[in-house]
Every structure is written in C-alpha cells, then in structure tokens.
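First up is the structure itself, then whatever we jot down about it.
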Amino acid sequence: MAGQQKKRLGDMLVDENVITGEQLMEALKKQRESGKRLGQVLLDLKFTTESEIAEALHRQMRIPLAKIREAKIPGEVISLLSQALVSRHTLIPFEIDPNNPNILRVAMSDPLDIIAIDDISIITNMQIEPMVATTSDILFGIERYYGNEQAIRMAETYSKERAEQASQREKEQESNEEVDNAPIVLLVNKIIEQAINERASDIHIEAMDRSVRVRFRVDGVLQEVMNYQKDLLTAIIARVKIISGMDISEKRKPQDGRMTSTYNQVEYDIRVSILPTVFGEKIVMRLASKTALTRDKSELGFAETELARFDEILKNPHGIILVTGPTGSGKSTTLYTALSELNRGEVNIVTVEDPVEADIDGINQVQVNEKVGLTFASALRSILRQDPDIIMIGEIRDEETANIAIKAAITGHLVVSTLHTNSSATTVTRLEDMGVKPYMIADATVGIIAQRLLRRICPKCRVAREMNERDKQRLMLKGSSNPIIYEPQIGGCAYCNGTGFRGRIGVYEIMAVTERIRDVISSGARADEIQRAALQDGMTTLRIGAAKLVLKGITSITEVERISVE
C-alpha cells in the first residue's frame, strides 16, 4: 500500500510536469536508501517545492487547498485533536462541515496517508475529508494554535516540580537544578520557536511585580504574547545565560551573549542582552536569520529611479557610501545587500563589525573585541595594511573611526558604513560634529542613503476609502483628485494576527553626491542648504517616498507620520 501510494504521488507530479521521469527515478532510488517519504526526498534534491506538490495534488486529486495562514481556526475544532497527534502525522484540524457536523476537514501535508486518516477518524468518531497544505504551513498552524498551550503546560510542570522539591532543595544548588530542569529547557525553546513562527525580530522577557511578561516585536511593534508566574523567572534567566555563554552567578551587572537556533532547517543567530531591573533581570533576544540579511536588491523596496541611483553609487571605485537611520530601520540589510552586489573574485573585501551579523562567502569579516583592544579604529588600521579594495565598517561611532574611514575613502578605497542620523543631509553635519573637515567630507563621500521601514497594510483585511483634504495636508499633496487609499482594519484578521499589518517595506532617501552638492558641503553649509541642493538634483525625501507608498495602497498615512515629520 505504502509503495503504491508513493509511486502514485510521483506519477501525479510527472503528469503535472512538476518533475521529469528521470528525476522521479533518481528520487525513488534515494528514497529506498534513506527511508524518507518521496515528497521529502524530492524537496531535499530541490526538484520541486512544497507549494508545487500541494498544487499538483489539488489539481490531480481535486483535493481542496487549506490556506492555514489566512484562516482563523476555532478553538472547538483545534481541541478535537491533541498536539502529539497533529505533530506525529503533520496535519491540523481545519474546519467542521457547516452542513454536516459529522464531517471534519483536516489539512494534511500528505492527504494520501490512509493510516493517519483512519487514526483521526477513530479518535474523533467523525468522517474525515482531507485537504492539502504545505508542511511549513501546517507547522506554522501547530505552533500558532498549540504553541501557547504547550508552553503553559511546560510552565505548570516546572512549577509543580519546584513546589514538590522545594523542601529538599539547598539554596546553593538552586541555579544548577533549575538549568537542568527539562520543562524550562523546553519552555525557553518554545518561546524562541513561537517568536520565529510569528516573524518576530525581538523577544522581551520582563520581570514584573508579580509575573513574568513575554512580548514579541513583530513588524517593529511590541505585542504581549504570554504571562507566567514570577517563580519561573530565575529558571528562565539561568537557562538563557547558560546557552548564550553568560555568567550565571552574576545578577547585578548587565551582560551580553549570543546563541544559535535552528528552526525549520533555517539557522538563526540570536543576540542576547540581560539587564538588572527593580523586579529582577530583563532579557532581550534579537533574532536574525543567517539568510535574511543577504537578499537581492530588488527585494528591498526601492522604486525604479532609486534602484538606478543605488546602482550608480555602487559603481564608484572609491569613496565612502553611508547608510543612515535609527536602530531597526534595516541599515544592516542594505549594507549586506550592497556588499553581496560588490562581492566579486577580483576584489578584496574586508569588514569590521560589532557583531558579525551574517556570514558571506568570499568576504573577510572581523569581529570587534574591545576586551583585547580590538576596536573599530584599531581594526581599521590593521585592515588598511591588508590591501583591501572595499572596506565595510559596521558603524561609525567616534571621531577616530570617522577620520580613518574618510582618509581610506580619499586614498582609493571604497568604504561602506552606517550612522545614526535622521536624514541624508544631517549625516554630513554629524560627520562635521565628529571633527571631520567639510572639504574632506565633500571629497570622500559618493552617496548617502537614509532609510526607514514602514509596515505594510494586511492585503486580506485592509479597508478602502477616498482621500480627503485633511489627508492631502498630512501627506503634503496638491491637486483636486481624491484617489482611493487604504487603512488597516481595526482588530485585523488571522493572516495579520489581529494587527492590521503584515510585513514591512523600506522607504529610502538616496543622495548621490553631485558637483553641486560637493560645493555646498565644502562651504560648510547647514543641513537644510545641503538638502535643498540635493532636491534640485532630483533626490526624493523619505516623506515623499512614503507618500507614494500610501497612494499605491501599500501602507497607511499613520505609518508615514510615525517615521517621518517634515
């Protein structure tokens, strides 16, 4: 039966031109060696994708597709099957037929799995109608609908064990026993998995007066996801300190560490910061996928004219390119994208970073270590003796680093770096404040990119309305027409997890340093004079770029006002 089923899946994929006959034969051979399911073998060999397999099953077998990420599955449907069962068979209960309460529709990664269908039918005493979904969508659903329940169960298990053992425990042994406690290990892992699943960039675990609050930063905004009993705090902190290489016994001073976690075959780099507060230590974990920082420039959200300007800046053989914006505005992603674009066999690229955020093949990356005297400035001096063509500096923080970077750019190197400023023009005045002479800034700088990240309105539940005169004033637009714009729906939907927004897009202000701008900078002009010259040379401000995204229906007016005031 199993052999026929797997063969049948293969034949269907061949019939749908998803794979070739030769690819099927190779996959079947590998499948016999590994014992894995045929679908997984085809994915491992990169002959197809999860979506293509699901679509083929949908068309060939007329099995309906389950859109798990867009649906809101009721609690009474989820409670029909246990977390252990759905994880074992990679499936999730999706809906009860509205016309027949005895029929349960189940989303399955393998809707041809007769054994799983029989299992569910016996447990629920219902007729099962399979639906098809990708494995990653089902794992997302399991994490979303069963994750909190599992985390609560782990927390309760830990509290119960702790209460039972409290009388026998010696105070000195507490931290060691807590670290080895399995429910806490699982709970910390579960918090990280849930954060990754919800697309969070940061996890905040905070000591409150009587509880422990867990919040995720999703699309730049913090959302509370869980509250635990206060007695869990010591164990959670001990576990996090152990896996991120910190000192467990030190509770009075701030500490920094890092760890890696693999979820869904993607490796995540997690930077951890611990800070003592009035009610206990607070943990912040910043999540970064190893692959998320190195993306194609077309994915960054550049408009066509901006993309052309970005390419033009990158063609400069020497000079300094600066990317500016507040923390969390996507500067590192733009920087790594630029480096990937410049990364060719004939150039020597060296970076100095704190910390190294993503590994790129073919680039020499140096990690700052102030404990041994390896600062940005000292690393830069050493790098200049390494015959570099391109230098990337994670951030220009002080006068010494700024001067070395500018001199390197003037002496024939291409330097790319970041600064924390609000606009392209104010970047020039910030360098002057750091003690760099205006004529040197003018001579060295080839381009400055200021950027922000705007939340995208959820495409599934957005609300359309006509623009009015007040909207035009807020966006500084002129004209008599009232185009349709969109607002996020209050309360959102399942696809955006009730926020009204899903995902973010970059908005950019790219100032290519022309002869006119160079002359203005050399004269020691103010930021507003530099901006005026840049606007005359065709620069688009952040506000104008953001307003265009409102008119395209991508973001809302409130988002524009959140990132830019002019």
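Structural remarks
- Cβ-Cβ under 8 Å pairs, at least 6 apart or on other chains, the stretch 410-422 side part of a helix (DSSP H, G or I), far side surrounded by 21 or more Cβ atoms within 10 Å (Cβ to Cβ): 410/444
- Condition broken by residue 468, with the remaining ones in (1) out of contact with any helix residue (DSSP H, G or I) (no Cβ under 9 Å at 6 or more places or on another chain); (2) modelled with pLDDT of 90 or more; (3) farther than 24 Å from residue 201 by Cα satisfied: (2)
- Condition met for residue 289 (under 30 Å from residue 254 (Cα atoms) and either crowded, with 21+ Cβ neighbours inside 10 Å or modelled with pLDDT of 85 or more (or both)): no
- Against the list (1) within 30 Å of residue 186 (Cβ to Cβ); (2) part of a loop (DSSP other than H, G, I, E, B), the condition residue 259 fails is (2).
- Condition broken by residue 301, with the remaining ones in (1) at positive phi; (2) in contact with a strand residue (DSSP E or B) (Cβ under 6 Å, 6 or more places away or on another chain); (3) at pLDDT 90 or above satisfied: (3)
Conditions (1) of a type in the set (A, V, I, L, M); (2) under 30 Å from residue 456 (Cα atoms); (3) buried (at least 18 other Cβ atoms within 10 Å of the Cβ); (4) in contact (Cβ under 8 Å) with a residue 24 or more places away in the chain, marked per residue:
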residue: 206; (1), (2), (3), (4): no, yes, yes, yes
residue: 215; (1), (2), (3), (4): no, yes, yes, no
residue: 221; (1), (2), (3), (4): yes, yes, no, yes
residue: 243; (1), (2), (3), (4): yes, no, yes, yes
residue: 260; (1), (2), (3), (4): no, yes, no, no
residue: 271; (1), (2), (3), (4): no, yes, no, yes
residue: 281; (1), (2), (3), (4): no, no, yes, yes
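- Residue match in the stretch 322-340 (condition: among the β-branched types (Val, Ile, Thr), farther than 24 Å from residue 560 by Cα and out of contact with any Leu (no Cβ under 7 Å at 6 or more places or on another chain)): no
- Options 327, 333, 351; residue that is of a type in the set (Val, Ile, Thr), part of a helix (DSSP H, G or I) and either in contact with a Gly (Cβ under 9 Å, 6 or more places away or on another chain) or open to solvent by 20 Å² or more (accessible area, probe 1.4 Å) (or both): 333
- One residue stands out among those in the stretch 442-463 that are closer than 21 Å to residue 534 by Cβ and of a type outside the set (A, V, I, L, M, F, W, C): the one that is most open to solvent (accessible area, probe 1.4 Å), which is 443.
- Test: residue in the stretch 464-471 that is among the aliphatic types (A, V, I, L, M), open to solvent by 70 Å² or more (accessible area, probe 1.4 Å) and outside any helix (DSSP H, G or I): no
- Selection count, the stretch 409-428, where residues are among the polar types (S, T, N, Q) and open to solvent by less than 30 Å² (accessible area, probe 1.4 Å): 6
- Failed criterion for residue 51 (all others in (1) open to solvent by less than 60 Å² (accessible area, probe 1.4 Å); (2) polar (S, T, N, Q); (3) at pLDDT below 90 hold): (1)
- The number of residues in the stretch 354-378 being closer than 23 Å to residue 317 by Cβ and either open to solvent by less than 20 Å² (accessible area, probe 1.4 Å) or of a type in the set (Val, Ile, Thr) (or both) comes to 3.
- Residue in the stretch 177-197 that is among the charged types (D, E, K, R), modelled with pLDDT of 85 or more and over 29 Å from the mean Cα position of the chain (by Cα) present: no
- Breaking point among (1) surrounded by fewer than 17 Cβ atoms within 10 Å (Cβ to Cβ); (2) outside any helix (DSSP H, G or I), for residue 225: (1)
- Residue match in the stretch 468-488 (condition: free of Cβ contacts under 8 Å to residues at least 60 places away in the same chain and at positive phi): yes
- Unique match (being modelled with pLDDT under 85, among the aliphatic types (A, V, I, L, M) and over 20 Å from residue 141 (Cα atoms)) among 45, 38, 24: 38
The values are calculated or read from the model by the stated rules, or taken from the named source; none is laboratory data. Nothing here was measured: the structure is a model prediction, and the numbers come from that model. Every residue, glycine among them, receives a Cβ derived from its backbone with ideal geometry; neighbour counts consider all protein chains shown. Heads up: the accessible areas ignore ligands, DNA and RNA and are worked out on the full protein's heavy atoms, side chains in. Shrake-Rupley method; radii C 1.70, N 1.55, O 1.52, S 1.80 Å.
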